[in-house]
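The structure appears below as structure tokens.
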Amino acid sequence: MDTLIIQGGKTLSGTIPISGAKNAALPALAATILAPGRHILHNVPDLRDTRTMLLLLESFGITWQRRDDGALVIDATEIDNIEASYDLVKTMRASVLVLGPLLARMKRARVSLPGGCAIGARPIDFHMKALAMLGVDLTLEHGYVEGKVSGRLSGNTVYFDIPSVTATENILMAATLAKGTTVIKNAAREPEIGNLIDMLIGMGATIEGRDSDQLIVKGTEELSPGEISIIPDRIETGTYLLATGSAGGAITVTDCRPDHLPALLAKLRGAGLEIETGEDFIRIARTKILKSVDIKTSPYPGFPTDLQAQTMALMCISPGLSVIAETIFENRFMHVAELRRMGADIRIDGHSAIVMGGTPLFGAPVMATDLRASASLVVAALAAEGETVISRVYHLDRGYDNLVGKLSNVGAKIRRISEKRE
């Protein structure tokens, strides 16, 4: 099992380019199921999760190749299997995104309940109830969701009790081939959904309400192959900004979308970091003592739950008291125990973490528990005195393209060690 070894105390300087967003690439890949023919996807990051999704598409009979310019060409002309097996989807919760497209095009689907990070309940109920509203006959047995529909799906009004990103994406894709109009109320508004909408419209779908909490989809009988460029990864962007705040120094993050991180940038400024933004770059510098800030995660455009752990790591070295409230996932404080091993003063109170910042962090052996917790340990290790050894870093491979190389290029002393197996 691979480990990361980080020597703390090295300030950062230079430029980090941002890769395509994992959470935009996965639904875009799933959307290729909707239309026979050759789709073209630009800026798809090379991650464990995107590779898993490509294997899943292959299992359906879909073929793909990567062009010399890096674009993925997905040929969805033939689909000869409608089952997403447990062996393929057990490591990736986004696998549920194939359910809607398969039902819309093939009228049948059998999809294993998804896996992914152990950060709390991710109920598939939203997906199933909404698909049932569109006329799907669904059962849940032996760990698989099985669905079938007679003829085309039927448009309807769908309301989500809370805005769910993957459920919004799933129903959005299914509704493009439904008969009549589907209205999705209390839809999630994340930029990744806007990216998916752009792709679907390019395939011939009629969708109104982009970037709002109400989406109106006028179904059509067929779609054409699409072409889309995946937006930059706002979570990767935020992670490197927080890493710089932790390590000190100044970097420029390029090929990014500052407008996709309003809540984080406001908090970074509040913490005393200097921030300059342009259309596709963010410059960050730590030139003075950090200040503590409170955060509360919430759906976009609120503070992203996927940046909560990394922000907590920064607050550990920021003098003062910080209250970090997690409202999205109930088990997303598993990194706290590992941060405490490094000397952090953190107390859990229900769905909040109370951080008494400003105490020194020290290198220690720690273990990653999920994707973003892994990143938080990297952020903390950059500020810690001495050497930190992070195990189970395969979690990082799910969401960060070349993290070691990107941080090394700006001055971090970080290396990856592969454990040899007998």
Report task. Only helical DSSP H runs with n ≥ 4 go in: add -39500 (n - 2.57) per run for the chain, normalise by residue count and round the 222 nm mean residue ellipticity to 500 deg cm²/dmol. Result -> -8500 deg cm²/dmol
Report summary line: At the level of C-alpha centres, the distance separating region 314-371 and region 279-312, in angstrom, is 15
**Report entry** Where N is the number of residues in region 329-406, Cα Rg divided by 2.2 N^0.38 Å
**Finding:** 1.09
**Report entry** Gaussian network model of the chain, Cα within-10 Å springs - most flexible of R372, R51, R398
**Finding:** R51
Query raised in the report: Working out 0.36 nm times the residue gap between S13 and I201, then minus their Cα-Cα distance, what length gain in nm do you get to one decimal?
Result: 63.6 nm
Query raised in the report: What dipole magnitude, in Debye to the nearest 20, does region 22-229 give about its Cα centre under +1 on Lys/Arg Cβ and -1 on Asp/Glu Cβ?
Result: 300
Requested in this report: When you have a sec, figure out the Kirkwood radius of region 184-300 from all distinct Cα pair distances and drop it here in Å to one decimal?
Outcome: 16.3
Requested in this report: Determine the gain in length on full extension of the stretch T287-K90; use 0.36 nm per residue of separation and subtract their C-alpha separation, reporting nm with one decimal.
Outcome: 66.5 nm
Requested in this report: With all distinct Cα pairs included, what does the Kirkwood hydrodynamic radius of the chain come out to in Å, to one decimal, could you say?
Outcome: 22.0
Report summary line: Between the modelled labels at R415 and K179 (7 Å from Cα along Cα→Cβ) the distance in nm is 6.5
Query raised in the report: From largest to smallest, what semi-axes in whole angstrom does region 48-171 give when each is the square root of 5 times an eigenvalue of its alpha carbon gyration tensor?
Result: 24, 18, 14
Requested in this report: Calculate, for E221 and D125, the FRET efficiency according to 1/(1 + (r/R0)^6) with r their C-beta to C-beta distance and R0 30 Å; round to the nearest 0.05.
Outcome: 0.50
Report summary line: Checked against a 19 Å limit on the C-alpha separation, the offending pairs among K10/K406; K22/K296; K267/K291; K90/K185 are K22/K296; K90/K185
**Report entry** trypsin sites (Lys or Arg not before Pro) within region 324-359, DSSP loop, no more than 13 other Cβ atoms inside 10 Å
**Finding:** none
Report summary line: In whole angstrom, the spacing between the Cα centers of region 85-105 and region 160-192 equals 16
Query - Full-stretch length increase - T157, Q214 - with 0.36 nm per residue and alpha-carbon distance subtracted - result: 19.5 nm
**Report entry** region 1-76 - Kirkwood radius from inverse mean 1/r over Cα pairs (Å)
**Finding:** 14.4
Query raised in the report: Taking only the alpha-carbon positions of region 22-229 and ignoring solvent, what does the Debye formula give for the base-10 log of I(q)/I(0) at q = 0.09, 0.15 Å⁻¹?
Result: -0.28, -0.86
Requested in this report: May I ask you to list the residues of region 52-75 whose amide nitrogen lies under 20 Å from a point 7 Å from Cα along the Cα→beta-carbon direction of H42?
Outcome: 65-75
Requested in this report: Take the alpha carbon atoms of region 180-249, find their radius of gyration, then divide it by 2.2 N^0.38 Å using N residues; give the quotient.
Outcome: 1.51
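Quick note: the coordinates plus some simple rules give every number you see, no bench work behind them. Note that this is a predicted model, so its numbers are computed, not measured. Positions of Cβ are generated from backbone atoms using ideal geometry, with glycine treated the same way; all protein chains shown enter the neighbour counts.
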